[in-house]
Amino acid sequence: MKHMLPPLPYDYAALEPHIDARTMTLHHDQHHASYVANLNSALEPFPELHERTALWLLLNLSKIPDKIRTAVHNNAGGHVNHSLFWRAMSPGASRAPAGPLADAINRDFGSLEQFKVRLAEAGATLFGSGWVWLTRAQQDGGRLQVCTTSGHDHPLMQGRFPILVNDVWEHAYYLKHENRRGDYLKGWWAVVNWDEAARRFERSGHPAGHNWEGEDESLPALTT
Ligand SMILES: [Fe+2]
């Protein structure tokens with residue numbers, strides 16, 4: 001099985017002016033594509049791993065041969081996280097959460113605005129390259145949590161199911177916002193796909209952890 005670059009579920013310019021078309025083109029066609037190519041290249045001499053999903057590889061790094069473990073860690077993570085990231089945004093989705101996800105945000109953060117402040121603070125203060133997430137923890141009664149991961153680490157590596165994600169690597173915003181990560185984080189709310197977040201929240205309600213680990217994040221965009 002070759003890992004595949006999923007198509008963007010919208011045009012490169014669809015998230016303008018908040019995320020510019022040039023950034024989206026480079027980000028998807030070059031950065032994400034390189035993670036997929038590098039993952040396939042690393043796995044090529046190891047046919048016993050060819051049927052494994054990118055998420056499985058990322059969650060089972062102890063079973064990966066030493067020689068390619070770092071490459072698989074970085075590139076499977078980059079592939080899984082970016083595949084989620086494209087779907088976390090949409091030019092035409094609901095502009096605020098609704099239903100059970102909205103109720104959970106209000107319960108666990110106090111309000112949508114307080115959640116937005118928490119996520120923006122976490123993203124702005126993350127040192128170096130990484131990701132900021134809204135997650136639901138298997139522990140702690142399934143409450144929502146904001147967390148960050150470094151590099152291309154994924155929250156399921158710590159038993160947290162991702163509901164919403166933003167990429168805070170400089171390649172996600174530097175062309176438009178230069179060093180102003182806070183401006184990027186602020187503008188990003190206008191393109192958040194709350195419908196997708198609500199779907200992921202619903203899926204996170206499955207009681208058994210294996211259901212979380214079994215999903216294939218490398219699949220193309222879900223239909224809405
Ligand atoms: Fe990225």
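Throughout, read-outs are computed from the coordinates displayed, never taken from laboratory work. As the structure is a prediction and not an experimental result, all values here were calculated from the model. Glycine also receives a Cβ, built like all others from the backbone with ideal geometry; neighbour counts cover every protein chain displayed.
Only one residue of Thr135, Trp188, His27 has its Cα farthest out toward the positive end of the dipole of the chain, where Lys and Arg carry +1 and Asp and Glu -1 on Cβ, and that residue is Thr135.
Stokes-Einstein diffusion for the range 51-172 at 25 °C, viscosity 0.890 mPa s, with a Kirkwood radius from C-alpha pairs, works out to 159 µm²/s. Applied to the range 15-24, the Karplus parametrisation 6.51 cos²θ - 1.76 cosθ + 1.60 on θ = phi - 60° returns per-residue 3J(HN,Hα) values of 9, 4, x, 6, 10, 6, 4, 5, 4, 4 Hz, with x for Gly and Pro.
With the biggest extent put first, the Cα atoms of the chain measure 49, 41, 34 Å across the principal axes. Only lysines eight or more places from Lys63 in sequence, or on another chain, were considered; those with a Cα closer than 20 Å are Lys2. The loop-placed trypsin sites (Lys or Arg not before Pro) in the range 96-183, going by DSSP, that have at most 16 neighbouring Cβ atoms within 10 Å of their Cβ come out as Arg143, Arg180. Give me the Kirkwood hydrodynamic radius of the range 1-75 in Å, from all C-alpha pairs, to one decimal place? After inverting the mean inverse Cα-Cα distance, the result is 13.6 Å. For the range 138-192, the alpha-carbon coordinates run over 39, 23, 14 Å along the three principal axes, in decreasing order.
Placing +1 on the Cβ of every Lys and Arg and -1 on the Cβ of every Asp and Glu, with nothing else charged, gives the chain a dipole about its Cα centre of roughly 300 debye. Identify, among Ile68, Leu144, Tyr10, the residue whose Cα sits farthest towards the positive end of the charge dipole of the chain, taking +1 on the Cβ of Lys and Arg and -1 on the Cβ of Asp and Glu, with the dipole about the Cα centre. Value: Leu144. Over the residues of the chain, the helix contribution to mean residue ellipticity at 222 nm works out to -12500 deg cm²/dmol, using -39500 (n - 2.57) for each DSSP H run of at least 4. Per-residue packing, averaged as other Cβ atoms within 10 Å, sorts the ranges 184-192, 66-74 into the order 184-192, 66-74, beginning with the highest.
Taking the Cα centre of the range 1-69 as origin and assigning +1 to Lys and Arg Cβ atoms and -1 to Asp and Glu Cβ atoms, the resulting dipole is close to 300 debye. Which one, Gly159, His79, Ser94, is farthest towards the positive end of the dipole of the chain when Lys and Arg carry +1 and Asp and Glu -1 on their Cβ? Checking the options against the dipole of the chain, the answer is Gly159.
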